[in-house]
Structures are given as C-alpha cells and as structure tokens.
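J.: There's a structure below that I have some questions on.
The values are calculated or read from the model by the stated rules, or taken from the named source; none is laboratory data. Source: prediction; values computed, not measured. Counting neighbours? That spans all protein chains shown, and the Cβs are built from the backbone with ideal geometry, glycine included.
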Amino acid sequence: MPIRPAKSVRRVLLTTLYQAYFEDPLNVLSPDDFFHHEAVDRESLVANMHYLNDRGLVELKMGYQPPLFASARITADGIDLVENEFEFELRFPSEMSAAELTVVSIPYIVERLVEESELAPLDGEARRALLRDVQFLRDEVARPANRWRSHVIASVMGWIDAYAADSNERLDSLDALHAALTKAGVLTPK
C-alpha cells in the first residue's frame with residue numbers, strides 16, 4: 001500500500017468540501033463522496049477528517065459506525081483557509097518536494113522496526129539495549145527531516161545491525177529502512 005502524505009489527503013478533503021459547499025451550502029458529504037480520489041482510502045479519510053474536525057476546519061456528524069463519520073461539511077474557518085491561497089499552500093501543499101517524498105516512508109518503516117524489536121528473541125541487557133536504540137532512532141526520525149542528524153542515525157543503525165547479527169534473528173524492516181535512509185541521503189551506500 002503506498003504511503004499517502006497526510007497533508008496531501010487533507011488538501012483533497014478540504015478542496016472537495018469547499019467545492020460541494022459552493023454547489024449547495026446545505027449539502028453534506030458522506031464518506032463515499034471522497035473515495036473517488038486515489039489519495040483517499042478509508043484509513044486516511046478517517047484519521048485526516050477527524051484531524052480537520054479537531055482544527056475546526058470541518059464539521060462532522062457521527063453515525064453508528066465510529067470512527068467513520070456519517071457526513072461532513074466545511075466550516076467558515078475552512079472556507080477562509082481554502083480561499084487564502086498562500087496560507088492554504090503553506091499548511092497543505094499541493095505538491096510535496098522531492099526531499100519530502102523521499103523521507104515520507106521512513107517513520108512508517110521505523111514503526112514496523114519497533115514492533116519487530118519488541119518481538120525479537122533477545123533476553124536481558126541485549127533486549128533492553130535494542131529497545132532503547134530503536135526508541136532513540138524513532139525519536140530522531142520523529143523530528144522534521146531537515147533536522148535529522150545523519151551521524152546519529154548512522155551510529156544507531158550500526159548498533160541495531162549488531163544486535164540483529166548477534167542474535168541471528170533478522171528484523172525484516174531493517175533492510176527496507178537501510179534502503180530508504182540511503183535513498184534519502186541520510187546513510188551512505190554499503
């Protein structure tokens with residue numbers, strides 16, 4: 001499944017609701033009205049629509065299938081944001097830069113690594129050290145990509161590689177993470 005940048009999904013949702021509002025201000029849209037766009041699936045729709053609701057940019061009516069909403073409508077603040085082209089582009093860019101597209105998958109891969117590390121067959125200090133190192137890496141990639149410290153990430157990846165090699169247990173997401181970090185220019189090719 002391709003990773004959809006949340007800001008791109010939010011832009012699609014707000015734009016769709018904005019257009020619907022000006023076609024008929026009393027009309028509300030159901031979840032099915034958003035699935036025609038390739039960037040929107042059920043998971044991204046639910047999370048991002050609730051985010052926009054929390055920000056006061058949309059209004060949701062909840063039905064009998066939470067967290068999926070029954071209908072959505074753009075608010076006056078949402079309309080003002082869409083009409084302020086500069087702010088709208090700043091908050092929800094129409095296109096991500098090449099650098100942003102390169103690093104967008106890395107936090108997701110790190111989350112898979114966290115899960116795999118928690119299930120790794122290590123005991124005692126080795127287990128605690130691996131979990132600390134993976135958490136350190138997780139905290140580092142949670143920062144904005146332009147503030148990542150390449151030397152820190154490279155060191156932590158080396159430590160994690162050592163634990164994986166010592167235990168003969170392969171962490172499946174480790175190879176994907178190496179490839180993504182190399183592609184992003186954070187790590188040098190092996």
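J.: For the condition assigned to a helix (DSSP H, G or I) and farther than 21 Å from VAL186 by Cα, what is the one hit in ARG138, ARG128?
T.: Details: ARG138 fails: farther than 21 Å from VAL186 by Cα.
The unique qualifying residue is ARG128.
J.: Restricting to the range 12-32, what's the tally of residues that are under 23 Å from the mean Cα position of the chain (by Cα), surrounded by 16 or more Cβ atoms within 10 Å (Cβ to Cβ) and without any contact (Cβ under 8 Å) to a residue 60 or more places away in the chain? Steps first, answer last, please.
T.: From the range 12-32, those under 23 Å from the mean Cα position of the chain (by Cα) are 12-17, 31-32; that's our starting set.
Restricting the remaining residues to those that are surrounded by 16 or more Cβ atoms within 10 Å (Cβ to Cβ) gives 12-17, 31.
Then drop every residue that is not without any contact (Cβ under 8 Å) to a residue 60 or more places away in the chain, which leaves 12-13, 16, 31.
The number of residues fulfilling the criteria is 4.
J.: Going through the range 86-105 one residue at a time, which ones are at pLDDT 85 or above and buried (at least 16 other Cβ atoms within 10 Å of the Cβ)?
T.: Answer for the range 86-105, where residues must be at pLDDT 85 or above and buried (at least 16 other Cβ atoms within 10 Å of the Cβ): just PHE88.
J.: Under 9 Å between Cβ atoms, at least 6 apart or on separate chains: pull out the pairs that start in the range 138-162 with a residue that is in the same structural domain as PRO107 (by TED's automatic domain parsing) and end on any residue that is surrounded by 13 or more Cβ atoms within 10 Å (Cβ to Cβ) and among the polar types (S, T, N, Q).
T.: Going by the 9 Å Cβ cut-off, the qualifying pairs are ALA145/THR102; ILE160/SER117.
J.: Just name the residue that is modelled with the highest pLDDT out of those in the range 140-172 that are exposed (fewer than 13 other Cβ atoms within 10 Å of the Cβ) and of a type in the set (S, T, N, Q).
T.: Per the criteria, the residue is ASN146.
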